[in-house]
1. Cut-off under 28 Å on the C-alpha distance; same-chain residues fewer than 8 positions from A:K203 excluded. Which lysines are left, in chain and number order?
2. So what is the calculated 222 nm ellipticity per residue for chain A, using -39500 (n - 2.57) for each DSSP H run with n of 4 or more, over all residues, to the nearest 500 deg cm²/dmol?
3. Can you give the Rg and Dmax of the range B:38-87 based on its C-alpha atoms, in angstrom?
4. Could you give each residue of the range A:84-97 its phi-based ³J(HN,Hα) in whole Hz, using Karplus coefficients 6.51, -1.76, 1.60 with θ = phi - 60°, and x for Gly or Pro?
5. With only alpha-carbon atoms counted, please give the Rg and Dmax of the protein assembly as shown, in Å.
6. When a footprinting reagent is the concern and you count Cβ atoms within 10 Å, what order do A:T90, A:T9 take, fewest first?
7. Could you size up the charge dipole of the protein assembly as shown around its Cα centre, putting +1 on the beta carbon of Lys and Arg and -1 on that of Asp and Glu, and report it in debye to the nearest 20?
8. On full extension of the chain, what length is gained from A:Y25 through A:V143, given 0.36 nm per residue of separation minus the C-alpha to C-alpha distance?
Amino acid sequence: MRRRILAITFAALILPTIAPALNVYHLYVVNLCLIYLVANLGYGLVLGHAGQISLCQGAFVGLGAYLTALLSLRLGLPVAVALPLAAAVTAGVGFVLGLPALRLSGHYLALVTLGFNTIFEIVVRVWVSMTNGSYGLKVPKLVLGSVAVTRDLHFFYLSYGVALLALWVSWNLIRSRVGRALSAVRGSEIAAVSLGINVARAKTLAFSLSALFGALGGGLFAVTIGLISPDDFGLPKVLRFLTMLVVGGLGTLWGTVIGTTLLTVLPEALRFLKDFEELMYGVLLLVSLNLMPRGVAGLVRDLYHRLLAPERAFVGSAEEGT
Amino acid sequence: MEILPQLVASGLVNGAIYSLMAIGYVVIYKGTNVVNFAQGEAVMVGGYIALVLYTVLGLPSYAVVPLAVVAAGFFWLALERVAYRPLQEAPIFSLVIATFAVGLSLRNIARLIFGPDIHHFPPLFSTAPVRFGTVYLNRQSVWIVLISVASAGLLLLCFRVTRVGKAMRAVSQNRDAAWIVGIPVTRYFALIWGLGSAFGALGGVLLAPLVILHPEMGWVAIKAFAVAILGGFESLAGAVVGGLLLGVVENLAGFYVSSHIKDIVAFLVMIAVLCIRPTGLFGEAAITKV
């Protein structure tokens with residue numbers, strides 16, 4: 001355990017140490033990774049831990065981004081206030097959205113959320129007087145204390161802090177009563193009910209948290225990139241988040257980290273394939289579901305047990321889903 | 001001319017198309033327990049195949065409709081082989097995600113082939129008006145209703161009477177039992193995907209002359225989903241009745257309330273059903289034993 005904590009602390013310190021040495025573009029990619037990580041940690045709670053199919057993480061991220069920008073543009077709130085407020089409002093939206101659909105098992109949530117994401121994109125596109133439509137919205141500068149945050153390095157520290165916080169919260173949540181309740185719901189809803197778990201409450205909590213994390217990521221996205229448009233939050237983005245989680249490994253935190261990192265860095269390197277984006281993610285998702293249903297995380301775990309610690313294989317399989 | 005019967009009649013025309021698309025959802029859901037998130041793309045693929053057959057190859061309309069549907073059916077059979085069959089033993093969760101991925105990938109492919117712009121589809125049938133009492137419809141609308149009714153009726157009949165239909169019902173009811181009595185379940189799964197998607201495609205072919213074609217047009221299937229929920233999701237009759245009902249209600253709301261509300265009606269219906277009677281009009285309450 002102690003070795004583990006040391007290793008994690010060490011890993012957590014690597015990135016801030018090398019960050020100042022990175023050039024602007026690399027730093028931008030790192031920031032993007034961190035922002036998507038925050039959003040995906042929330043998404044992973046619903047998809048991976050609770051096993052519920054939600055398809056509106058794009059809209060949650062978008063809601064966070066647009067509310068952050070609009071609260072400060074239209075109501076004159078400082079961005080530092082608007083961002084957390086936007087996240088709180090989005091969590092509320094997630095709560096209300098989940099109420100009817102989460103009462104029912106089956107695929108209602110998937111469709112309600114698919115509809116929500118599409119409607120969100122349409123509203124942002126059509127309501128030009130409020131959102132500036134497809135041209136995109138310029139986001140006001142983030143001011144902390146008396147300093148305007150403009151440098152990429154500062155955004156890095158900000159995103160890094162939020163990402164660590166999100167990781168910490170997720171880590172603790174999964175190991176709490178709620179986390180175990182979510183795993184039970186994923187395993188079998190009927191069994192969970194018979195164990196006295198309030199299934200609807202557990203699912204609603206996970207869903208609201210996914211909205212909260214998504215919106216936090218969205219707020220960070222807005223202030224870091226500085227320009228947001230409906231294209232950033234449509235269904236293709238949902239597919240991308242989904243693929244990140246599946247490729248990384250559903251239901252594991254470090255799978256989320258791996259998947260997010262891989263699929264943020266890779267597309268940056270393959271920019272010339274922009275026209276094939278959905279096709280690429282779609283095929284990747286299908287291949288991944290087929291060949292490695294537990295994602296890269298599962299693959300690495302299997303390899304590790306086979307090569308290095310065969311005698312611990314049983315312990316490993318019992319730990320699955322942590 | 002009275003407006004109400006007219007609104008109802010033209011609502012029924014749209015409703016007939018919604019019914020077809022909803023039948024696609026129901027067939028696939030009953031057969032495989034998967035909500036097909038690529039159903040909208042089945043509609044889109046049907047529309048584009050018809051566009052190619054009709055405007056590029058110049059086939060007559062009586063050939064375009066059946067050919068497009070059959071071609072779309074085979075297209076989905078092939079896709080099932082590559083994308084869905086390998087996941088047959090995987091959790092339903094994976095299959096549902098797979099349909100979502102397939103749907104968005106197909107939009108991407110349609111955009112690559114046909115470009116992101118809209119295509120206008122010329123009328124499939126004559127648009128000369130026909131009079132029914134106080135109601136006027138054009139010939140094309142009459143054809144749309146006739147074709148929809150005929151194909152839905154044929155499907156129902158096929159499920160009741162034919163060997164293939166009965167086997168499909170057996171697979172839907174209990175996959176393992178069906179396998180034990182010697183039904184090649186895997187082949188029937190493929191057939192179910194092909195059939196369900198072909199109904200989506202038929203909806204797309206008939207819808208094409210009424211709307212504009214574009215790669216994102218699969219969005220319209222969300223209305224069919226609302227219809228399926230309204231009808232109970234497991235009931236073919238429910239899909240037909242629900243579709244006609246939605247078509248009419250939509251038209252009335254569009255006229256009497258506001259034309260903006262027309263496209264939202266489907267959502268309102270969906271939410272209302274989920275809150276009031278989640279099993280829909282024709283659905284049976286699922287008994288979950290704890």
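Here, each number is a calculation from the coordinates, and none is a lab measurement. Just so you know, these numbers come straight off a predicted model, no measurement behind them. Cβ: placed from backbone, ideal geometry, glycine included. Neighbour counts: every protein chain shown.
1. Of all the lysines, those that pass the test against A:K203 - Cα under 28 Å, at least 8 places apart if same chain - are A:K237, B:K30, B:K223, B:K289.
2. After summing the helix terms and dividing by residue count, I get -24000 deg cm²/dmol.
3. Computed over the Cα atoms of the range B:38-87, radius of gyration and Dmax are 12.2, 40 Å.
4. So the Karplus estimates, Gly and Pro as x, are x, 4, 4, 5, 5, 4, 4, 4, x, 4, x, 4, 5, 4 Hz.
5. When restricted to the Cα atoms of the protein assembly as shown, Rg and Dmax are 25.3, 85 Å.
6. The most exposed by this proxy come first: A:T9, A:T90.
7. Values: 40 positive and 24 negative charges, 207 e Å.
That gives the protein assembly as shown a dipole magnitude of about 1000 debye.
8. Numbers: separation 118, 0.36 × 118 = 42.48 nm, distance 2.28 nm.
Full extension from A:Y25 to A:V143 adds 40.2 nm.
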